[in-house]
Amino acid sequence: MSVDNQKVEEAVLALLGYFANKDGQTWKRYEFSVMESLHEKGLISDPRGRQESVYLTPEGLEVAQNLAKQLFSD
């Protein structure tokens, strides 16, 4: 899949902006409630714990790849 890096950067910046405080402070990681919701839907592994990453489930990987194609293909 060929991606438009500008679209990827804009999507990441949009997510950072969405979760930012009024002063512009934002977490490097995604909002826990969003991650928990994705886990409850069976799309990712449990985000709780000390690990730095999560795993996409087979269904989650398929959905994520389809979304990436829709959003970022050039």
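Since every read-out is calculated from the coordinates, none of them should be taken as a lab result. Computed from a prediction, not measured in an experiment: that's the story for all the values here. Every residue, glycine among them, receives a Cβ derived from its backbone with ideal geometry; neighbour counts consider all protein chains shown.
A few notes on this one:
- Per-region count, segment 45-74, residues outside any helix (DSSP H, G or I), over 24 Å from ASN5 (Cβ atoms) and not basic (Lys, Arg): 7
- A single entry from LEU67, LEU71 fulfils the requirement of being in contact (Cβ under 8 Å) with a residue 24 or more places away in the chain and under 22 Å from GLU10 (Cβ atoms): LEU71.
- Complete set of residues in segment 21-33 that are touching a Phe, Trp or Tyr at 6+ places or on another chain (Cβ under 9 Å) and exposed (fewer than 14 other Cβ atoms within 10 Å of the Cβ): TRP27, GLU31
- Some residue of segment 35-44 being touching a residue at least 12 places away in the same chain (Cβ under 8 Å), in contact with a helix residue (DSSP H, G or I) (Cβ under 6 Å, 6 or more places away or on another chain), surrounded by 11 or more Cβ atoms within 10 Å (Cβ to Cβ) and assigned to a helix (DSSP H, G or I): no
- Filtered residue count, segment 10-20, keeping only those that are surrounded by 11 or more Cβ atoms within 10 Å (Cβ to Cβ) and either touching a Pro at 6+ places or on another chain (Cβ under 9 Å) or under 16 Å from LEU67 (Cα atoms) (or both): 3
- Every residue from segment 8-34 that is in contact (Cβ under 8 Å) with a residue 12 or more places away in the chain and of a type in the set (Ser, Thr, Tyr): TYR30
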